[in-house]
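Would you mind keeping the following structure in view while I ask a few things?
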Amino acid sequence: MRYLAAALLSLFLAGQVVAGQCPSLVSQIDSQLASSQVGSDVRQQVKALRDEGEALHNQGKHGESVKVLKEALDKLNSSY
């Protein structure tokens, strides 16, 4: 029984960690977009992914949000 309680607690805490990661990724993207000189096509793609990730976060889909936001960061970082 203790193992089940520990597993459920770990699962709950892991979800909270992922949920907290989304806003920091959005801020990181915004900061890099403001200071970067990427082309307008890359900027639009990154901004679309950023907006999608923020929407997913607001819907409570934090795992999907992190995946999309990291994709936006990868696209932004690879364009330098």
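The values are calculated or read from the model by the stated rules, or taken from the named source; none is laboratory data. These figures come from a predicted structure and were not determined experimentally. For neighbour counting, all protein chains shown are included, and Cβ atoms are generated from backbone atoms with ideal geometry for every residue, glycine included. We work out accessible area using only protein heavy atoms, side chains counted, and drop any ligands, DNA or RNA first. Shrake-Rupley method; radii C 1.70, N 1.55, O 1.52, S 1.80 Å.
Consider Gly60 carefully, then state whether it is open to solvent by less than 80 Å² (accessible area, probe 1.4 Å) and at pLDDT 90 or above.
yes
Related question: Just to be sure I understand the filter: pairs with C-beta atoms under 8 Å, separated by 6 or more residues or on different chains, first member in the stretch 59-70 and more than 13 Å from Ser24 (Cα to Cα), second member among the charged types (D, E, K, R) and open to solvent by 50 Å² or more (accessible area, probe 1.4 Å). Which pairs pass?
Val68/Glu52
Moving on to the next point. Among the residues of the stretch 8-43, which ones are under 13 Å from His62 (Cα atoms), of a type in the set (Val, Ile, Thr) and at pLDDT 90 or above?
Within the stretch 8-43, just Val26 meets the criteria.
What do you reckon, is Val46 modelled with pLDDT of 95 or more and more than 11 Å from the chain's Cα centre (by Cα)?
Considered against the rule, which asks whether it is modelled with pLDDT of 95 or more and more than 11 Å from the chain's Cα centre (by Cα), Val46 comes out as yes.
Has the stretch 22-41 got at least one residue that is free of Cβ contacts under 8 Å to residues at least 12 places away in the same chain, open to solvent by 50 Å² or more (accessible area, probe 1.4 Å) and not in a helix (DSSP H, G or I)?
Within the stretch 22-41, one or more residues are free of Cβ contacts under 8 Å to residues at least 12 places away in the same chain, open to solvent by 50 Å² or more (accessible area, probe 1.4 Å) and not in a helix (DSSP H, G or I).
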